[in-house]
């Protein structure tokens, strides 16, 4: 395995390990939870990077050891912030991810697939038990030598028609095994006693039967030694084929984790690039954006009295600020329904304008495409699925 192989695999192992550690086993709201299996692997990854946040009701059930703390993840530190330093870091990360994806695609195209083609040319498809498969005899020989040779010729013709799918090495193993079986049939034919006219029985070749049998047996032993070496080579190549297939699954086609959802390194890179390039932290792309106010009282959750008072002050200031902004600009927007506060927004203003928060603390990616919201959570989940890659 090359150093580049190991780097890609180590990166993927590290990501999968992290996702496995924080994945929730209890049930929750679909599509982020799969009935009977717990949290979706895709949702666990999006939560790990800080892109997905559950409701406070679900959040309160999550153990501290598997929580993703605000401010300590990729999204909070790089994508949500609006300051210049964060923008520079975001572009640096995007440049790195673009280069890594190009490198991965080049590796798959020029190294991984080439290795698979080379091995498959020798042994065809993967065999669960190559040593046992190589010893199987599909042709039965009888005492008639001429018929035996005709059977051998038929098998050779069959392999000539199928040589591309079987593999050169497997074809050689099968034909050599076939030839050995025909030699054994010859030995049986030579050593089968026959009745003479004098009433005595003797070998078909008379006194020369012994030397001919010895000559054929010596040759057969040489072929058997060659056959054993070929079988061991097939076993080795079969193991290598499996390793190469597993590497490409981890990098491109996807390995299945717990919930039977495939996850691949290329897909992970793609969703990160999508988040950096296409996701804008603005009201219409937030799950709390609505074109109409919601009919509910303000929900401050399980906050302490002091925290509730501060939150109420924030809401009052935000409503006053945005009402003045709407009046001055004459724009019609929607409403920020975070905590059911119904704070009016203007145009496509972000949390920076609504709540005066540089880091968009209240912004959560939408997972529905109704009421003016852009469905970006579904797009992110689809990009994590290697089966849905273009």
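Things to note:
- Annotation: peptides 34-47, 169-182, ranked by per-residue average of other Cβ atoms within 10 Å with the highest first, follow the order 34-47, 169-182.
- Within the range 27-68, all pairs of alpha-carbon atoms sorted by distance into 10 Å bins from zero give the percentages 29, 65, 6.
- All distinct Cα pairs of the range 283-364 go into the 1/r average, and the inverse of that average, the Kirkwood radius, is 12.8 Å.
- Principal axis extents of the Cα atoms in the range 214-373, from largest to smallest and rounded to whole angstrom, are 107, 36, 27.
- Computed packing ranks the peptides 50-57, 317-324 as 50-57, 317-324, most packed first, by mean other Cβ atoms within 10 Å.
- The range 219-263 - convex hull of the alpha-carbon atoms, volume per residue in Å³: 70 Å³
Just so you know, all these numbers are worked out from the coordinates, no wet-lab data involved. Because the structure is a prediction, the values reported are computed rather than measured. FYI the Cβ positions are ideal-geometry reconstructions off the backbone, even for glycines, and counts take in every protein chain you see.
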